[in-house]
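The values are calculated or read from the model by the stated rules, or taken from the named source; none is laboratory data. In this text, all values refer to a predicted model and were calculated from it rather than measured experimentally. Positions of Cβ are backbone-derived with ideal geometry, glycine not excepted, and every protein chain shown enters the neighbour counts. These accessible areas exclude ligands, DNA and RNA; they are computed on the full protein's heavy atoms, side chains included. Shrake-Rupley method; radii C 1.70, N 1.55, O 1.52, S 1.80 Å.
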Amino acid sequence: NSGGSMFRMSMSAPTFLLPLLFQIGLGMSAFASGMLILAHASGDLGIKIVTTRTLKRFGFRTVLIGSAIAFTAFIIACAMFTSATPAILIVAILLVGGSVRSLQMTSLGSLQFSDIPPGEITGASTLSGVNQQLMRSFGIAMAAVAVNIAIALRGGTPGAAQLIDFRIALLVTAVVALGSVLWYLPLEKNVGDHVSGRRH
């Protein structure tokens, strides 16, 4: 949950930053921005059909580390978007980002309860739910603060964000996402294998 909390923060930030990046930074309409965010959400659904097989094949530790690194790369890629970036490329990147985000969240959701005694599942589930909501709120707050700090550093008018401000905020988010890997690295290679059904 410690590493997962960092990832959940980084996961929430793009939901705040990307619509603003598309509309203010790249000059898209609200409709076009919304359709792109829909593509990002669609990636969540697409990966569900292979999540179980992926965990069974590679194990929780590898999937958590790999998906966190992939999500970090996704955020960095978003920070590089310009008005000249082809729409099809943006959609492809958003689909991949949604997929690895979903893979990470499903893995976390399964692993965090793998060693909890049956009698403590209810309490653990409640604690997990509260933690998730807090981290999502912190992630959006972090993104908002990062944008405003970026504006202040370049001497801009408060509230008058530009493309560079969203890029900086996304890069800050990428650092937080990558930080979750530090918590996953010490995990045993066979952690959660009794849940995923992975065999050696």
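Odds and ends about this structure:
- Residues in region 73-102 that are among the β-branched types (Val, Ile, Thr), open to solvent by less than 60 Å² (accessible area, probe 1.4 Å) and under 19 Å from Leu20 (Cα atoms): Ile75, Thr82, Thr85, Ile90, Val91, Ile93.
- Helices (runs of 4 or more DSSP H) contained in region 1-84 and holding at least 3 residues within 13 Å of Ser99 (Cα to Cα): 30-58, 60-79
- Some residue of region 111-128 being assigned to a helix (DSSP H, G or I) and within 26 Å of Ile168 (Cβ to Cβ): no
- Cβ pairs under 6 Å, 6+ apart, first in region 64-88 and farther than 27 Å from Leu111 by Cα and at pLDDT 95 or above, second buried (at least 24 other Cβ atoms within 10 Å of the Cβ) and of a type in the set (A, V, I, L, M): Cys78/Leu170; Ala79/Leu170
- Residues of region 138-150 classified as without any contact (Cβ under 8 Å) to a residue 24 or more places away in the chain and buried (at least 20 other Cβ atoms within 10 Å of the Cβ), total: 1
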